[in-house]
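Nothing in this text is a laboratory measurement; each read-out follows from the coordinates by a stated rule. None of the values given here were measured: they were computed from a predicted structure. Note that we place each Cβ from the backbone using ideal geometry, even for glycine, and neighbour counts take in every protein chain shown.
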């Protein structure tokens, strides 16, 4: 009975909901938009609470629950937690209580890392929250035995948000953070934060050439496709397509900075006050 | 009638309430504690919403109103907005509706800058919110005619919170931010963010020796003393003294990082969920 009801509620033309603490998740939305160009997409950026990376699990869980309620009200057929910190700290609780499928970026990232690595010595960079949760080591070790070396990089998000992508200061900061990982002879580095793909060139400049950079965006998008396909919930190719954006603060700023993260123009954007 | 009631509510042993988005305001609390060692002090750090500097006026006003309600419930006799961003964006609204005196850090900082400057060419560094509000130029120009040059420095708060006080990266970042101000031949630089006093040495290393650094902490503390004295509300010297700390997230982290900002150990600390 329950299952029947669920199928009735979720239809192919319902949107996919995507959320993040701010702009970073737009790199994941971009990938979903490329892999699944017929899907309607709703994005929520929790710009009133950004950044998540330095906050407690209780706080991240509270914020995430409020956003998920908002997305459910907007009749999403699947939710993507497009934030590593929330994937690490809130997803394990959220996935227990929801009727719609919900996925994070960590399991897809872990799978991509295992696919890429040859020597099974893998480095992870992320926020304090993501690194502290040990979610990547746990997810990777479920798939294969590997040596995992982690490094929290709290300054990389502010540097990206300041737009200092090609500054020497950013190169020096990246160098300082990744030095201990290089000493461990890693052959794969996971960009464990959705802001970091914007620093891909900076990272490449400062890493040995043989090290493969893994970001979860594409593998997350492929996972979304696989789930919707399995549930026969992929959108029809002929429907009217929309991309909607919501934030909890400062829509003007989101529109401006969002351009760096999202390949298309951000037009429809609304501010929503979360309850609680 | 109203006035009589007010006097009855506020007594000398009631605490002073101090708030900030996070740790930075502890530099102001330290100064108040030095200037007024007999006062009871309550500090609120809004660590669930930190940082304020990049958020909108609406958001800052909402957060500040909730904190002020909490402080009023705790029977404070005076409130100090120990955050430049909230002083710039929320204080003008808050001071219209409150019965207890409320002061920010900008007016005292402006006064200190005018006292320090000889050539009346003054530089201001602060968060995006503080700089965008033009609160310092307005406050300074109320007191005297001066040339004001502003620079937003969004990376300095994350650098302080990462503890990179004596790193070359921080020196380079500071240099990059203050270069345009030095070109304007300023003789005074206002540290328009309560995190910046921790970068005093870094700033001194990178400024001409004749430039005076002004931070609002001491001048704010002296203003608190002046107001309480005028209202005959200074605490008696023999009372039992307390310092209480509240945060909206992560009390453990506050205790740890707070040590850098506050001269005494932070012992009594509680997490409070703000409504709304």
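Nearest 10 degrees is fine. How inclined is helix B:106-116 to the longest principal axis of chain B, computing both from alpha carbons?
50 degrees
Cα gyration tensor of the range B:178-263, axes a ≥ b ≥ c as square roots of the eigenvalues: rounded (a/c below 1.5), prolate (a/b > b/c) or oblate?
Cα axes put the range B:178-263 in the oblate bin.
By Cβ position, which chain A residue lies least far from the axis that rotates chain A onto chain B, and what is the distance to the nearest whole angstrom?
Closest Cβ on chain A to the axis mapping it onto B, in Å: A:158, 2.
If you take the beta carbon distance between residue A:269 and residue B:272 as r and set R0 to 35 Å, what does 1/(1 + (r/R0)^6) give as a FRET efficiency, to the nearest 0.05?
Once the sixth-power term is evaluated, E becomes 0.65.
Per residue, how big is the convex hull of the protein assembly as shown when only Cα atoms are used? Give it in Å³.
Enclosed volume per residue, from the Cα hull, is 170 Å³.
Which whole-number percentage describes the relative contact order of the range B:182-273, with Cα contacts under 8 Å and a sequence gap of 6 or more?
Once divided by the residue count of the range B:182-273, the mean separation gives 23 percent.
What are the distances, in nm and sorted shortest first, from the label point of residue A:13 to the label points of the same position in each other copy, with each label point placed 7 Å from Cα along the Cα-to-Cβ direction?
Nearest to farthest, the other copies are at 7.0 nm.
Taking Cα atoms, how many degrees apart are the long axis of helix A:168-182 and the longest axis of chain A, rounded to 10 and kept between 0 and 90?
Tilt of helix A:168-182: around 80 degrees.
Could you tell me the center-to-center distance, by alpha carbons, between the range B:149-195 and the range A:211-276 in angstrom?
35 Å
Using a label point 7 angstrom from Cα along Cα-to-C-beta, what distances in nm, from shortest up, separate residue A:180 from the other copies?
3.7
Roughly how crowded by other chains is peptide A:152-164, in terms of the mean Cβ count from those chains within 10 Å of each of its Cβ atoms?
4
Output the relative contact order of the range B:106-216, whole-number percent, from Cα pairs under 8 angstrom with separation of 6+ residues.
Normalised by residue count, the contact order of the range B:106-216 is 37 percent.
Given the options B:253, B:225, B:185, state which has the largest fluctuation in a GNM of chain B using a 10 Å cut-off (strictly under) for Cα springs.
B:253
With a cut-off of 17 Å, note down the residues of the range B:52-79 whose backbone N falls inside the zone around a label point 7 Å from the Cα of residue B:99 toward its beta carbon.
The answer is B:68-79.
Can you work out the FRET efficiency for the pair residue B:72 and residue A:168, with r the C-beta to C-beta distance and R0 = 45 Å, to the nearest 0.05?
After rounding, the FRET efficiency stands at 0.40.
Report the calculated FRET efficiency for residue B:204 and residue B:116 (r = Cβ-Cβ distance, R0 = 22 Å), to the nearest 0.05.
FRET efficiency, residue B:204 to residue B:116: 0.90.
What relative contact order, as a whole-number percentage, does chain A give when Cα pairs under 8 Å and 6 or more residues apart are counted?
27 percent
Would you please state which residues of the range B:218-235 a label at residue B:11 would reach in this model, taking the label point 7 Å out along Cα→Cβ and a backbone N cut-off of under 20 Å?
Under cut-off, by backbone N: B:228-235.
What is the mean number of Cβ atoms from other protein chains located within 10 Å of the Cβ atom of each residue in peptide A:48-61, rounded to a whole number?
5
With all distinct Cα pairs included, what does the Kirkwood hydrodynamic radius of chain B come out to in Å, to one decimal, could you say?
Every distinct Cα pair counted, the radius reaches 18.9 Å.
Rounded if a/c is under 1.5, else prolate if a/b is larger than b/c, else oblate: which is the range A:135-233, with a ≥ b ≥ c the root eigenvalues of its Cα gyration tensor?
Since a/c reaches 1.5 but b/c is at least a/b, the shape of the range A:135-233 is classed as oblate.
Given only helices, namely DSSP H runs of n ≥ 4 each adding -39500 (n - 2.57), what is the per-residue ellipticity at 222 nm of the protein assembly as shown, to the nearest 500 deg cm²/dmol?
Helix contribution divided over all residues of the protein assembly as shown: -13500 deg cm²/dmol.
Taking Cα atoms, how many degrees apart are the long axis of helix A:57-73 and the longest axis of chain A, rounded to 10 and kept between 0 and 90?
30 degrees
Could you give the semi-axes, largest first, of the ellipsoid that matches the range A:58-212, computed as the square roots of 5 times the alpha carbon gyration tensor eigenvalues and rounded to whole Å?
Taking √(5λ) for each Cα gyration eigenvalue gives 29, 19, 12 Å.
Based on the alpha-carbon gyration tensor of the range A:1-104 and its eigenvalue square roots a ≥ b ≥ c, which shape applies: rounded if a/c is under 1.5, prolate if not and a/b is larger than b/c, or oblate?
The shape class here is oblate.
Please sort A:148-160, A:168-180 by packing, taking for each peptide the average over its residues of neighbouring beta carbons within 10 angstrom, highest first.
Those peptides, ordered most packed to least, come out A:148-160, A:168-180.
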